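Visitor: The structure follows.
The values are calculated or read from the model by the stated rules, or taken from the named source; none is laboratory data. A quick note: this is a predicted structure, and the numbers were derived from the prediction, not measured. Just the protein is used for accessible areas: all its heavy atoms, side chains included, with ligands, DNA and RNA removed. Shrake-Rupley method; radii C 1.70, N 1.55, O 1.52, S 1.80 Å.
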Amino acid sequence: RETPLKQRRLVESWPEGAGHIVARYTLNTYIFNQTLYVRLSNPALRSDLSMMRGELVKILNDVVGEQVITDVRFG
């Protein structure tokens, strides 16, 4: 079960999981219903990351040490 602490740890691990360059273009991140929502300022980056959704889910869950999210959505 996802807890607020684990959710916060996962959100805070976004720069590490996605990379610091991606983090620079990140405007907002939050988790709702096991989905990490990421708002980006760069449309091309949004498109590239959408193709890596499954990989990002695995990386971010691995950083936290258990399954907190099942999907990532970009806006």
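Visitor: Look at segment 15-57 and say how many of its residues are within 20 Å of Thr3 (Cα to Cα), in a helix (DSSP H, G or I) and open to solvent by 70 Å² or more (accessible area, probe 1.4 Å).
Guide: Here the count works out to 0.
Visitor: Further question on the same structure: If Lys6 satisfies every condition in (1) assigned to a helix (DSSP H, G or I); (2) at pLDDT 95 or above; (3) not hydrophobic (A, V, I, L, M, F, W, C) but one, which is the exception?
Guide: Among (1) assigned to a helix (DSSP H, G or I); (2) at pLDDT 95 or above; (3) not hydrophobic (A, V, I, L, M, F, W, C), Lys6 violates only (2).
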